[in-house]
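*Asks:* Starting off with a structure, shown below.
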Amino acid sequence: ERVRAIFDNPQPPKVVWEELPIYDALPVSEAECDRLLGSAGLRAVRPGCTADPARLGELGDLLIRAFEIETNTPRTHEETGRWFRFGNDEVARSGDGLSLAGNGVSGLRRWAAEKFVVSRKTWHSERTRRTAVEAFRDQVRSSRALVWLTTATNTPRAWLDAGRDYARLNLAATASGLAIHRPAARTASHASDRLVAVMSGEPWTSGRVRPW
């Protein structure tokens, strides 16, 4: 997702996506995708990227469906909740995990969400889950490009190496004037197969599940 900074006053630049529920819809070209992947210095993953509207639509549908499955499945939603940090105090104490701030939510929107919607007590409520899905849908639909990193294996070492490459990618994106938001969605069930097929260009066979 491209981020536009506004420099029309002496104050620190204001980032558009901090003020809006969706990302600023500035275009990203396929050439920019290629330059980003080429400049990131990735070492352990097979990267891919697309800014093609048709592919964005298909991949977006799958990502949204996968997130709905994750959020509305008690076991996986509970696992996400264990990693979620509620408020600045928890973020400061843990030094890790997921948070609203880490998902680009700030200012009044963050205060209202933490005050009235998102808490440990309400984590499994229908309202919290619906709000999470709606926010994720807005993020996906307003993204101008999608990037994916594929590993050859599904092991702790592969996860670590992928995380390091993700950090390299994020730094390269920032240097290019782009911003990356990582969707926290498991590609569950047949959505996993279909995502692999769409991303790689391989034929899709129902029931062929690859671990992510």
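*Asks:* Could you compute the net charge surrounding Gly41? Neighbours are other residues with a C-beta less than 9 Å from the C-beta of Gly41; K and R count +1, D and E count -1. Before the final figure, lay out each step's value.
*Replies:* On the way: positive: Arg43, Arg168; negative: Asp165.
Here the charged neighbours net out to +1.
*Asks:* Further, regarding this structure: Name the residue from Ala51, Thr71, Ala92 whose Cα lies farthest towards the positive end of the charge dipole of the range 26-108, charges +1 on Cβ of Lys and Arg and -1 on Cβ of Asp and Glu.
*Replies:* Result: Ala92, furthest along the dipole toward the positive end.
*Asks:* Follow-up. Can you work out ³J(HN,Hα) from phi for every residue in the range 153-165, in order, using Karplus 6.51 cos²θ - 1.76 cosθ + 1.60 and θ = phi - 60°, giving whole Hz and x for Gly and Pro?
*Replies:* Per-residue couplings from phi come out as 10, 10, 10, x, 5, 5, 4, 5, 4, 5, x, 5, 5 Hz.
*Asks:* Taking the Cα-to-Cβ direction at Ala152 and at Arg46 and moving 7 Å from each Cα, how far apart do the two end points lie in nm?
*Replies:* 1.0
*Asks:* What does the convex hull of the Cα atoms of the range 101-161 come to per residue, in Å³, rounded to a whole number?
*Replies:* Numbers: hull volume 8.9 nm³, N = 61.
Spelled out: Cα convex hull of the range 101-161, divided by residues, is 145 Å³.
*Asks:* Determine the sum of side-chain charges near Glu114: Lys and Arg each +1, Asp and Glu each -1, restricted to other residues whose C-beta is under 12 angstrom from that of Glu114. Provide the component values of the computation, followed by the final result.
*Replies:* Working: positive: Arg85, Arg109, Arg110, Lys115, Arg120; negative: Asp89, Glu90.
For residues surrounding Glu114, the net value is +3.
*Asks:* Next question, about the same structure. Of all the accessible heavy-atom surface of the range 29-112, with the other protein chains kept in place and a 1.4 Å probe, what percent is carbon and sulfur? List each step's numbers first, then the result.
*Replies:* Values: 2480 of 4660 Å².
Answer for the range 29-112 is 53 percent, counting heavy atoms of protein chains only.
*Asks:* Sticking with this structure for a sec: First select every other residue whose beta carbon is under 10 angstrom from the beta carbon of Leu100; then total the charges, Lys and Arg +1, Asp and Glu -1. Before the final figure, lay out each step's value.
*Replies:* Working: positive: Arg85, Arg109, Arg110; negative: Glu114.
Summing Lys and Arg as +1 and Asp and Glu as -1 gives +2.
*Asks:* In whole angstrom, how far apart do the alpha carbon centroids of the range 129-187 and the range 34-72 sit?
*Replies:* 7
*Asks:* Here's another thing I want to ask about it. Of Ser142, Thr155, Thr131, which is farthest on the positive side of the dipole of the range 126-166, counting Cα position, with +1 on Lys and Arg Cβ, -1 on Asp and Glu Cβ, and the Cα centre as origin?
*Replies:* The residue sitting farthest along the positive end of the dipole is Thr131.
*Asks:* Quote the relative contact order of the range 17-112 in percent (integer), defining contacts as alpha-carbon pairs under 8 Å separated by 6+ residues.
*Replies:* Details: 44 pairs, mean separation 24.5, N = 96.
RCO, the range 17-112: 26 percent.
The values are calculated or read from the model by the stated rules, or taken from the named source; none is laboratory data. Here the structure is a predicted model, which is why all the values come from computation and not from measurement. Here Cβ is always computed from backbone atoms with ideal geometry, including for glycine, and neighbour counts include all displayed protein chains. Just so you know, the surface numbers come from the protein's heavy atoms only, side chains and all, with ligands and any DNA or RNA stripped out. Shrake-Rupley method; radii C 1.70, N 1.55, O 1.52, S 1.80 Å.
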